[in-house]
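Structure first, then comments.
The values are calculated or read from the model by the stated rules, or taken from the named source; none is laboratory data. As the structure is a computational prediction, the values presented were derived from the model and not from experiment. Glycine gets a Cβ as well: all are built from the backbone with ideal geometry, and neighbour counts include every protein chain shown.
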Amino acid sequence: MLELVSRDRETPGYDDVVAPASPEELLGRVATGDREAFAELYDQTAPRVMGLIKRLLKDHSQSEEVTQEVFLEIWQQAARFDTSKGGAASWMLTMAHRRAVDRVRASQSSRDRDTKIGIRDFETDYDSVTEQVEIRIEHERVERALSRLTDLQRQAVELAYYGGYTHSEVSTMLHVPIGTVKTRLRDGMIRLRDELGVAS
């Protein structure tokens, strides 16, 4: 793991038995640059973060790499955590999910590029530049539309539709009732349709 999580076992009281701090408390300390708190947060949450990432990526080495990236981002962004918007675990798992999805998309883009190169010699009168521009424009439209959702709506939509989680799984991950998840998804999709100009 990062150098950030190395512990100093010479610290007095290291072996004392104390109740573990909550992830929320640890994040607050990490935001002040507390490396010991970061190490403890890593110990508490890394298995769940890694499990979520591995579920999406399947590949163990890529999952380890993305987990490292997530915890580096947690170290850098801890001050942005807002308890009024949800628990620390949800905040961290959402971050992990986004990183994993980004990696999946990057891998897919790489495979698509390889495929296009392989069949390029057989294509005739095909304007790939135009297609790429259209795809880019559509992607940017969706990103803009997602950015106009509330944080809670966007979180639910990304987990359910990009991550492929069931309503029950989203409910568990976000620690909210399943009815709340369904409401956020419904409202989020309605707003997305409006932003994209799609007829319902």
Report those helices (runs of 4 or more DSSP H) wholly inside segment 150-200 carrying at least 3 residues which are β-branched (Val, Ile, Thr) and at pLDDT 80 or above. 178-196
Considering only segment 83-106, I want to know if a residue exists there that is in contact with a Gly (Cβ under 8 Å, 6 or more places away or on another chain) and at pLDDT 90 or above. yes
In this structure, does TRP75 turn out to be over 19 Å from GLN155 (Cα atoms) and assigned to a helix (DSSP H, G or I)? yes
Buried (at least 16 other Cβ atoms within 10 Å of the Cβ) and modelled with pLDDT of 90 or more: is that true of GLY33 in this structure? no
Assigned to a loop (DSSP other than H, G, I, E, B), within 12 Å of PHE71 (Cβ to Cβ) and modelled with pLDDT under 95, is that true of MET50? no
Consider only pairs whose beta carbons are under 6 Å apart and that are at least six residues apart or on different chains; among these, list those whose first residue lies in segment 188-199 and is within 10 Å of LEU146 (Cβ to Cβ) and crowded, with 16+ Cβ neighbours inside 10 Å and whose second residue is of a type in the set (S, T, N, Q) and modelled with pLDDT of 70 or more. GLY188/GLN153
